[in-house]
Amino acid sequence: MNRLIIGRYFPGNSLIHQLDPRFKLIFVLYFIGLLFFLDHFFLQVIFFILTLVIMMMTRVSLSIYIRGVRPLIWLILFATVLRIITTRGGVVYFDVGFLTVSHFGLLSGLYTFLRFIEMIFISTVLTLTTKPIDLTDAIYFLLKPLRYLYVPVEELSLMLSIALRFIPNLLDETEKVMNAQRARGMVFGEGNLLEQMRALTPLVLPLFAHSLKRAEDMADVLEVKGYKSGEKRTHYRALIWGFKDTLGVVLMLVLMLVVISFNI
Amino acid sequence: MNITFNRVSANYQLGPIKQENILRDLTAEVLPGSFTAVIGPTGAGKSSLLKLINGLLLPSVGEVSVGEVVFTAKASKEALKQVRKRVGMAFQFPEHQLFADTVYEDLAFGPRNFNMSEKEIETTIKEVCQLTGIDRSLLERSPFSLSGGQQRRVAIAGILATKPDILVLDEPAAGLDPEAKKQILDMLYDLHTAEKLTTLMVTHDMDDVAYYADDAIVMAEGQIKAHQDVRTLFANQDLLDQYQLDVPTALSLQQQLEAAKGQRLKNRALTLTELANGLIEEGWV
Ligand SMILES: Nc1ncnc2c1ncn2[C@@H]1O[C@H](COP(=O)(O)OP(=O)(O)OP(=O)(O)O)[C@@H](O)[C@H]1O
Ligand SMILES: [Mg+2]
């Protein structure tokens, strides 16, 4: 239960926690977008420091963020190394066939590495400081215009919030079923690939059966409580846009100007 | 087979981040052939204690021994397999573990994992069906198409099919109607006596403790607070009050009668039969 960091919410009362989830969502998407335009060393430094400052402002300890990076570290290193050996330019330190290590290559490898790390850190900031349910509301808000294209936004956001709500249950249940099958002599993660796949049946089937059963119950409950799709509905939790959020937008504009000025 | 806990602490820690121990400094010995109830408030660590017995949870400090096998912070795969073959473990709501196409296949799952021959499996399944009252016609049905009570029987039969020497039961009758509950518990109790099994059962119902158990382990806040003979336990009102444990129906009735009459009976009755006998002896009725 304590493994998954991405998607986990850490209750708190920091400035970042208090911001409007809509602002946070937009900011994170925008920030990640900007990360692709950082071609200057100085810009990289600014963004790296900014990421660290935002992380510190959440008052969540650094080790939590690092745990979030860990599952992806091999992917990141792979991308970085690929970048280093395929980029040429500047002083060449090492050159065999298509493998080159050059000054340019090292620099863009570093940029790739930083970009990945910053992307993960900043999205972790979002999920650590925003309740999943607030995040769903924010997504709903941003998707709202799609209603005019007959996209069932209400239903999508309901589905999303129910799905998010049940992730912890599903994890708990997985652990329970695994334990029950282990007690009956099942050994997980042993044997060749085929055997391992087969070993998943006793785990996955009960989970499926149980989830389907619960989905059915849930649908009945929604029905009984009078939920109808396609209705216009009001919201119990209102999102409140504050002065801090407006300040945040100003920060976004400033960042944009900085990036543009370095790119001309 | 003996089960002993020797100064065991354990937690659900994963990875490097330190967590407080959920079970702390447990020492206890469960005698072979005994029926031991594990009681205590919710969150006391009862289920976790049971998991220690077949190595689903390993001690961080101390050691657990089951027969000759000893678990410490590290356990070999061999030791785990050996113990899990001997320990039949029914979790809370065991029907959530059913998965196979047919009831027969599900019952055969455990025995196959422990390398029983198909022939042996067939006879064993016949036996456990008889024992648990599963009709032979159900064997070819899908376990998911059965009623809740039937599923529970199949799940428990699947655990008995591995022929364990030790039964570990986590609220085996939770959520069943009184009739089905009594049937299942009576069946397990009969099996316990007939096969001389060592049984541990978590329960919230003090009547179960009074009717089936020889001794009881009282847990609270991750510690074993008492391990006593059932009669001693229910004679110790202070202990019961301290851990908010109820008394069996018969005893509660006795206490009410005593209060109304202003006199006391000689013995504390644990079952209704005992109470009736006590009342007759003292000439109250
Ligand atoms: N898989 C797990 N991961 C982390 N913590 C757990 C896990 N299972 C139980 N715990 C924690 O261990 C403690 C004891 O739980 P346990 O399930 O052993 O209690 P219990 O006595 O069986 O309670 P109940 O009567 O409600 O079944 C609880 O605080 C619980 O939060
Ligand atoms: Mg429990």
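The values are calculated or read from the model by the stated rules, or taken from the named source; none is laboratory data. This structure is a prediction, so every number in the text was calculated from the model and none was measured. Note that each Cβ is placed from the backbone with ideal geometry, even for glycine, and that neighbours are counted across all protein chains shown. These area figures cover heavy atoms from the full protein model, side chains too; ligands, DNA and RNA do not enter into them. Shrake-Rupley method; radii C 1.70, N 1.55, O 1.52, S 1.80 Å.
Okay, here's what the table says:
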| item | result |
| --- | --- |
| Label point distance in nm, B:T271-B:R136, each placed 7 Å from Cα along Cα→Cβ | 3.4 |
| Whole-angstrom Cα spans of the stretch B:3-245 along principal axes, big to small | 50, 40, 32 |
| Protection proxy ranking, peptides A:232-238, B:23-29, average beta carbon neighbours within 10 Å, highest first | B:23-29, A:232-238 |
| For the stretch A:171-229: accessible area per residue (Å², 1.4 Å) | 65 |
| Label-point gap, in nm, between A:H235 and B:H204 - each point 7 angstrom along Cα→Cβ | 3.8 |
| Qualifying chymotrypsin sites (Phe, Trp or Tyr not before Pro) for the stretch B:188-285 [loop in DSSP, other Cβ within 10 Å: at most 12] | B:W284 |
| Isotropically averaged projected area of the protein assembly as shown, using the convex hull of Cα atoms (one quarter of hull area), nm² | 36.8 |
| Two-site FRET efficiency, A:F243 against A:A79, from Cβ-Cβ distance with R₀ of 41 Å, rounded to 0.05 | 0.55 |
| Heavy-atom surface of chain B, accessible at 1.4 Å and reported per residue (Å²) | 47 |
| Under the Karplus curve 6.51 cos²θ - 1.76 cosθ + 1.60, θ = phi - 60°, whole-Hz ³J(HN,Hα) for the stretch A:192-200, x wherever Gly or Pro sits | 6, 4, 4, 4, 5, 5, 4, 5, 6 |
| Shielding by partners, peptide A:201-210 (average Cβ within 10 angstrom, other chains) | 4 |
| Carbon and sulfur %, accessible surface of chain A computed with the full protein complex present, 1.4 Å | 72 |
| Sparsely packed trypsin sites (Lys or Arg not before Pro) within the stretch B:231-265, loop by DSSP, other Cβ within 10 Å at most 14 | B:R264 |
| Cross-link table A:K176/B:K77; B:K77/B:K196; A:K225/B:K182; B:K126/B:K196, entries beyond 29 Å C-alpha to C-alpha | A:K225/B:K182 |
| Per-residue [θ]222 nm for the protein assembly as shown (sum of -39500 (n - 2.57) over DSSP H runs n ≥ 4, rounded to 500) | -17500 deg cm²/dmol |
| Filtered trypsin sites (Lys or Arg not before Pro), the stretch B:31-89: DSSP coil and at most 10 other beta carbons within 10 Å | B:K74 |
| 14 Å beta-carbon shell around B:R136, net charge (K/R +1, D/E -1) | -1 |
